Structures are given as C-alpha cells and as structure tokens.
1. Post the alpha-carbon centroid distance, segment 126-163 to segment 229-289, in whole angstrom.
2. Residue 29 to residue 5: extension gain in nm, 0.36 nm per residue of separation minus the Cα-Cα distance?
3. How high is the relative contact order of the chain, in percent, counting Cα pairs under 8 Å that sit 6 or more residues apart?
4. Mind pulling the angle between the C-alpha long axis of helix 141-152 and the longest principal axis of the chain? Nearest 10 degrees, somewhere in 0 to 90.
5. If packing is taken as the average count of other Cβ atoms within 10 Å, what order do 45-51, 266-272, 123-129 fall into, highest mean first?
6. Ranked highest first by the average count of other Cβ atoms within 10 Å around their residues, in what order do 247-255, 275-283, 136-144 fall?
7. Return the calculated 222 nm mean residue ellipticity for the chain, to the nearest 500 deg cm²/dmol, obtained by summing -39500 (n - 2.57) across DSSP H runs with n ≥ 4 and dividing by the residue count.
8. State the antiparallel share, in %, of DSSP beta bridges confined to the chain, rounding to the nearest 5.
Ligand code: GUN
C-alpha cells in the first residue's frame, strides 16, 4: 500500500491563517505591525525566489516584509554596518540574512552580528544555546516545520527512535535537540540518532528508525532498502536536478515501504516560511511587551 502523504502545504496554510489571526489581534491591540527585514546579497536565482516568497507570505499574514538587496560584491564591513543599523532600528522586529552568502563574506561573522532578539532564523549562538538548554527564545524555522508536521499529523514522537541523516547547523543539529527535549509537549521526548556522511553502516542505522528525517542535501540519497517498513519518512531536501526539484529521498521507491512520507515539493518547504512568520510575530511581541 502506498504511504500516506504528509501534506506540508496544507498544514503550512493552516498555520499561516492562525498566525494571520494572531497578528491581526495583536496589531489591533498594540498598534504595531510586525516587520521582517530580509537581507539578500547578490542575485542568485533560487535565493531571489525564496526571498520573494517570504515577502509575499509576510504580506498575506499582515506582517510588513522588506527586502534589502545588496550587490554580490558588497564588502563584509558594509554588510556588518547594515546589520548594526537594523539591530537598533525600533521599527524592525526580525532580521533574516538569506544564505548562502558570497564566498568573500564569512557567514558566521554576519549571523553572529544579528541582534539575538531579532534573530528569527535562530542562528545566533545565544539563541542556539537557549534552544539546547530547552528554553528556546525562537525555534529554528525548518526544524520547527518538521516538528509541526509530525504533531499536526498525530504522529507520536515521544519514546520513538528518530534517525536524522544530516548534521547541519540549520536543520540536523537543531532538529535533534528539539526532538530529544524533555518537554511536556507533543513532538519531543524522542530517542534521537544523528547520522552523517561519515557514519559507518548508515543503512543499518536508518533501518532502525521509527521516524527517518533526511536532511543531507543529496538528491534521492535515501533508498527503499534504508527504510524500515512502516516508518515515517520526512524529506527536508530541496535539490535542483535536470528533471526539476527532488528531495533527499527516492520518493517513488520509498513511498512503497514507508507508512507516511512528505513529498518534495509541498512537504517541509512550505512549513519553513510558516514558522518564519510565527517567529517574526514572536520577535515583535518580545520587543513591544
Ligand atoms: N537559505 C536557505 N534556507 C535558509 C534559511 O532557513 N534561512 C536563511 N537565512 N537562509 C536560508
């Protein structure tokens, strides 16, 4: 029997409507419109599309979305000056620096410069530290999107074995932290294993997963033999190949083994933006108590 499709697009739409209602109520009360500023460096086509989608999603939710576009040649010092200005601008509640940055810019230096209270990506070391201690200020958008898909699809996580393939700072590492957290909420208290490119016997490990998350950035990397029959498979990958967009999971084969699976596109991708809107409202509220 083919796997149940976990429709991230539908879940994200529901979340966005919830956020829009919260924004509307809070703005009416406070007189403040939440404001996200996205910094885009260069003209990489994929990044430009992502940023445009973020701006449109903001507007639909009643959030002001500004995009500051800088040339790919902008010196790092200028970028740092811009971030310093945004940090102290009381009219800006959330700052997102679109990645990747050009080669001459040190991304860590840039991300560390974003004021922690405006860090809606949850990339600042202070926010990562708070997250790791189980007292998050913000939840990182893509991992939070994965958690929401599980929770809103009534997939139990507590006590289950989650295997995350990929240890990136943006997805794998923070997602592992969130799912293993001791919290009185759904979507936590899992037993988490993190695998990566150097893991020996990877397929043996992934086959023990009740929930398998692929976030390694390689097209069709997870094959049917790597999945335990009846597992839930979450595909975080977005890879541009000749035939179009594909995930990190060989969807055609794995969907005959898994009990449930997220498609690409239309799975985790739309959730990331939905969570960004949540974080922007959270930042605005935090800065305007
Ligand atoms: N580029 C791709 N994904 C992301 C993300 O989640 N945040 C930022 N800032 N840039 C990205």
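Bear in mind that the values in this text are calculations on the coordinates, not laboratory data. These numbers come from a predicted model, not from an experiment. Because the Cβ atoms are built from the backbone with ideal geometry, glycine has one as well, and the counts that use them run over all protein chains shown.
1. The two parts, judged by their Cα centres, are 13 Å apart.
2. That works out to 4.7 nm of additional length.
3. Working: 585 pairs, mean separation 63.1, N = 289.
For the chain, the relative contact order is 22 percent.
4. 50 degrees
5. 266-272, 123-129, 45-51
6. 275-283, 136-144, 247-255
7. -12500 deg cm²/dmol
8. Antiparallel bridges: around 10 percent, rounded to the nearest 5.
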